[in-house]
Structures are given as C-alpha cells and as structure tokens.
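Read-outs throughout are calculated quantities, based only on the coordinates presented, and are distinct from any laboratory measurement. For clarity, every value in this text was computed on a predicted model and none was experimentally measured. Ideal geometry is used to build each Cβ from the backbone, glycine not excepted, and the neighbour counts take in all protein chains shown.
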Amino acid sequence: MKNFNLFALSALFSLLLSSCSTNETLVPENQSLDLLKTYTINRDVNGAYSLDYSLNGNAEIENVIDTNTNTNNIYLYLTHNESSKNMTQGLTINGAQLKVGFVDTNSDISHNITIKDDNISLAKSNTNSRLSDYSITSNLDGTYTLDFSVNKKVRVDFVFNEEIETYEIHLEEGKTSDLNFSRVLEKEEEKALRIDFVNQVENTHARGEAISLIRKPRAIIL
C-alpha cells in the first residue's frame, strides 16, 4: 500500500512538472513580438536626411507614401522567411518638413517622427546655421540619444523649456573646445518628445541690435 501511494505521488509530481514545462514553452510563442528594434534619423553635413533602422525576428516591410500628409509610412509584418535585419533609406524634406511613421502590424505599436527643417538647397545656403550634423536614435530602454556636431566658434547651451515642454539646444557665437556632443533624453509615456536647435542671431537695425531665435531643425517624436 505504501509503495502504491509513493508511486501515485511520484506520477502526480511528474505530471505537474510536465504541465509547467509545457506552459513555459507556450508562453513566449504566444507573446507579441515588437518587430521594430531601434531606429536613427540622421542629417549629414550637407543637410541630407536618412533613416537607419533594425528589426527584431523575421520581419518584412512595406513603404507607403501618404501624399496628403507627406508621411513615409513603414509597415512591418511578421514573416517566417529570412529577411534583412538592418535597413537604410534616404528621406526628403517636402516643403519644410518630413514625416516618418512606423506601423507594427504584429503588436499594434506605432512610432511617428516629424522633422521640421530646410530642404538640402536651403540648408546649404543658410549662413545662420551653426549646426554641422546630428542624429536621433531610439534606444531599447525607451530613451533617445541625441548626437550632434557644431561648427567652430559655436557655444552650446542645453535648456529644457518647461513652458513648451521642449529640449532646447541653443547655438550662438562663442569660444568652446568641444565640437561633438551627446545627450540621452527621456520621453514620457503618451507625450511627445520635442527637440529644438535654437540659433541665436543678432540683427542690427535703426533702433539698435536685437536677437532673433531661429528654431531649426525641430524634431517631434510620438
């Protein structure tokens, strides 16, 4: 009788272990996988924009241009076929801005980026611009890294403008030993992350001198 009870308990214990093991195997397969891993918006020294992004798992993409909103929509689909994990494409300023939207059809997560800036020809002729190049990268922990370089004799000040909830990078003439800068910025959930490069320009007129603030480029991330 005792042997029978021990055998029954042993069989029950084995069954429970098997059940737990099966559940642990099924859970990851049923969980939704975010297809977009990270992305980076770049502007080079010539004022040209590009987009680099990497994907998780096997994903395929479809680019759709929305002419009504001038948005480059990138749809991500889960596939069982082997596909490239790293993608690069050029971006064009239409009018005074460009828009990129990532739509993950597997997790229903979307990412939207708006850049307000001059197009390439205007950027080359803009003598007030003290910014050389910059990039904004999304990180795995939900933060964003802003990297940028300035021209010589440009002083840089970082300010968070609470009134308009915007990270401001003020650029003005001055002495500095640094030309390359990097900052990690946090984005509040369900709030836009706003980044403005602010060029301070002195204007001389009959009444004296005044300082104008040129907010360009500007980035809005949702």
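Projected onto their three principal axes, the Cα atoms of the stretch 132-208 cover extents of 50, 29, 15 Å, largest first. Distance distribution note for the stretch 70-161: the fraction of Cα pairs above 19 angstrom is 59%. Given a cut-off of 22 Å, name the pairs among Lys99/Lys152; Lys153/Lys216; Lys116/Lys187 whose C-alpha atoms lie farther apart than that in the structure shown. Result: Lys99/Lys152 exceed 22 Å. Summing Lys and Arg as +1 and Asp and Glu as -1 over all other residues whose Cβ lies under 13 Å from the Cβ of Val184 gives a net charge of -1. Farthest toward the positive end of the dipole of the stretch 36-221, out of His80, His170, Asn70, is the Cα of His170, where the dipole comes from beta carbon charges about the Cα centre. Residues Glu168, Glu82 in ascending order of nearby Cβ atoms (within 10 Å, fewest first): Glu82, Glu168. For the stretch 36-221, the pair-distance distribution built from all alpha carbon pairs, in bins 10 Å wide starting at 0, is 8, 34, 34, 17, 6, 1, 0 percent.
Remark on Leu36: its backbone amide H falls under 5 Å from those of Asn56, a criterion applied only to residues 5 or more positions apart or on other chains, H modelled at 1.01 Å from N.
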